[in-house]
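Below is one structure, written out as C-alpha cells; the observations come after it.
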Amino acid sequence: MLKNINDHLEESGKPYWDHLTHAFKQSNRMIVGAIKSYIHGIFPNIYKTDGPLTIFKIYREIIKIRHIKELEKQTK
C-alpha cells in the first residue's frame, strides 16, 4: 500500500502534504458547487452560473498536473 501511495505522489509530482492540501481544496470546492447546484435546482434564479464556473476553474487547475494531461489524452 505504501508503494502505491509513493508511486502516485511521484506520478503527481507533489509531496504528501501538498497533495493532501490540493485534494482537500478540490473536494471542498466540489461539495460547495454541488450544494449550490441543488439550491439552483430549487430556486433557478440563485447561483445561475456557479456550478459550471466551479467545474471550469477546477478543470483549469487540474489539467496542469502531468498525469492528468496523460489521462485526458487516453479519454479522447
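A compact table of results
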read-out: Residue count, segment 18-53 (criterion: over 20 Å from Ile63 (Cα atoms) and of a type in the set (A, V, I, L, M, F, W, C)); value: 7
read-out: Hey, Lys14 part of a loop (DSSP other than H, G, I, E, B), without any contact (Cβ under 8 Å) to a residue 60 or more places away in the chain and under 17 Å from the mean Cα position of the chain (by Cα) or not; value: yes
read-out: Selection from segment 60-76 of residues that are within 16 Å of Leu9 (Cα to Cα) and either without any contact (Cβ under 8 Å) to a residue 24 or more places away in the chain or out of contact with any Ser or Thr (no Cβ under 9 Å at 6 or more places or on another chain) (or both); value: Ile62, Lys64, Ile68, Lys69, Glu70, Leu71
read-out: Given (1) of a type outside the set (Gly, Ala, Ser); (2) at pLDDT 90 or above; (3) assigned to a helix (DSSP H, G or I); (4) out of contact with any Gly (no Cβ under 9 Å at 6 or more places or on another chain), number of the condition Lys48 does not satisfy; value: (3)
read-out: Boolean, Lys64 is surrounded by 12 or more Cβ atoms within 10 Å (Cβ to Cβ), of a type outside the set (Phe, Trp, Tyr), modelled with pLDDT under 95 and not in a helix (DSSP H, G or I); value: no
read-out: Flag for Tyr38 being outside any helix (DSSP H, G or I) and aromatic (Phe, Trp, Tyr); value: no
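The values are calculated or read from the model by the stated rules, or taken from the named source; none is laboratory data. Keep in mind that what you see is a predicted model, and the values were worked out from it rather than measured. Note that each Cβ is placed from the backbone with ideal geometry, even for glycine, and that neighbours are counted across all protein chains shown.
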